[in-house]
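A.B. asks: Following this message is one structure expressed as structure tokens.
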Amino acid sequence: GKPVFSAENNITSDNHTESYLSIYDVDNTPYIIALGAVFLLALIIVARLRGFISLMGLGLTVVLLFFVYVPLTMRGFPPLLSAVGVSLLSILFTVPVITGRTKKTVAGIAGASAGILFSVALTVITGALIHVSGIIDDELLTLFYVSGTEINIRNVALSGMIISSLGAVIDVSVSVASAVHEFFIVHPGVDRREAFLSAMSVGKDNLGSMVNTLVMAYVGSSLSLILIISLKFDAGMPLLMVLNNHQVLIEILKSFIGCLGMIAAVPVTAWVSVKINS
């Protein structure tokens, strides 16, 4: 048979009596390690040093989420503020890892930060205008009931909108900053307006592909929700009723806010890039 993984723990109930809990499941650790090794090898072969560096940037973001955002939130710190802080720290650490210590690093950080702050403003406004309870899935419902700290579940849901757009915002900002940097190397002394228009052209092309990537990522992660909707809602039910379902609404808001954050990052990155390179 397959190897079995077991986890054991003592549980103390309200009457102070201890019970013993054992959980058994299939141990997939060897397969996870093997898949991770294949991924790392393929990344290094195709992207070489640049791929490994991008992986380091991802690792930094994961560390910030688990060792900054999670502890702060579980201690009762406002989740939305934690998400903003983690996102800005991730930008500050990740962009230099990807671009090195160059002028495009400054532009990338400025553009990505502007995109995230714009997303935060949209999230706060949206949260005030749209009644989002926060209890949108089983995980958040469990967190609401079992957490020993008073956590604002609604703000946890809103924080997810900001963090989910972080990678895309950094991606488009770095792309535009790198393009402008190379443009000035090839064409030194070029007119600022011409350089800005060229940067915006690059940004538009990036936005076209990144918007598609971001939205499809959300749709792909919500396929089970789409299937549930097809079973749960009658064919004659108004579309607006489906769109106002909390789970559907959150996914729509994530898509809009993430895309608008990227859109805001492009002109800021282009302007800062032209300013510091000219």
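A.B. asks: Across the stretch 181-210, which residue is farthest from the chain's Cα centre (by Cα) among those that are open to solvent by 80 Å² or more (accessible area, probe 1.4 Å) and among the β-branched types (Val, Ile, Thr)?
C.D. replies: Val186
A.B. asks: Next question. Across the stretch 227-260, what is the number of residues that are modelled with pLDDT of 75 or more, surrounded by fewer than 19 Cβ atoms within 10 Å (Cβ to Cβ) and of a type in the set (Lys, Arg)?
C.D. replies: Count: 0.
A.B. asks: Only residues that are open to solvent by less than 60 Å² (accessible area, probe 1.4 Å), modelled with pLDDT of 85 or more and over 28 Å from Ala128 (Cα atoms): list them for the stretch 62-110, please.
C.D. replies: Answer for the stretch 62-110, where residues must be open to solvent by less than 60 Å² (accessible area, probe 1.4 Å), modelled with pLDDT of 85 or more and over 28 Å from Ala128 (Cα atoms): Thr94, Val95, Pro96, Lys104, Thr105, Ala107, Gly108, Ile109.
A.B. asks: Now a separate question. What are the residues in the stretch 244-264 that are under 17 Å from Leu129 (Cα atoms) and of a type in the set (A, V, I, L, M), if any?
C.D. replies: Hits for the stretch 244-264 are Val248, Leu249, Ile250, Ile252, Leu253, Ile257.
A.B. asks: Ok, one more. Residue under question is Ser178, and the condition is that it be hydroxyl-bearing (Ser, Thr, Tyr), within 18 Å of the chain's Cα centre (by Cα) and modelled with pLDDT of 75 or more; does it hold?
C.D. replies: no
A.B. asks: Picking from Ala83, Ala34, Ala42, which residue would you name as being in a helix (DSSP H, G or I) and in contact with a helix residue (DSSP H, G or I) (Cβ under 7 Å, 6 or more places away or on another chain)?
C.D. replies: One residue alone meets the criteria, Ala83.
A.B. asks: All but one of (1) at pLDDT 80 or above; (2) open to solvent by 60 Å² or more (accessible area, probe 1.4 Å) hold for Thr213, so report the exception by its number.
C.D. replies: (1)
A.B. asks: A follow-up question, please. Among the candidates Val26, Val46, single out the residue that is modelled with pLDDT of 55 or more and surrounded by 10 or more Cβ atoms within 10 Å (Cβ to Cβ).
C.D. replies: Step by step, each of Val26, Val46 is checked, and only Val26 is modelled with pLDDT of 55 or more and surrounded by 10 or more Cβ atoms within 10 Å (Cβ to Cβ).
A.B. asks: Given the structure, is Val95 out of contact with any helix residue (DSSP H, G or I) (no Cβ under 7 Å at 6 or more places or on another chain) and of a type outside the set (Lys, Arg)?
C.D. replies: It is false that Val95 is out of contact with any helix residue (DSSP H, G or I) (no Cβ under 7 Å at 6 or more places or on another chain) and of a type outside the set (Lys, Arg).
A.B. asks: Here's another thing I want to ask about it. Looking at the stretch 200-210, which of its residues are of a type in the set (Ser, Thr, Tyr) and modelled with pLDDT of 80 or more?
C.D. replies: Result: Ser201, single match.
A.B. asks: Sticking with this one: Would you tally the residues in the stretch 191-221 being assigned to a loop (DSSP other than H, G, I, E, B) and touching a residue at least 60 places away in the same chain (Cβ under 8 Å)?
C.D. replies: Of the residues in that region, 0 qualify.
The values are calculated or read from the model by the stated rules, or taken from the named source; none is laboratory data. In this text, all values refer to a predicted model and were calculated from it rather than measured experimentally. Quick reminder, even Gly has a Cβ in these numbers, built from the backbone with ideal geometry, and neighbours come from all protein chains shown. Remember, those area values only see protein heavy atoms, side chains included, never the ligands or the DNA or RNA. Shrake-Rupley method; radii C 1.70, N 1.55, O 1.52, S 1.80 Å.
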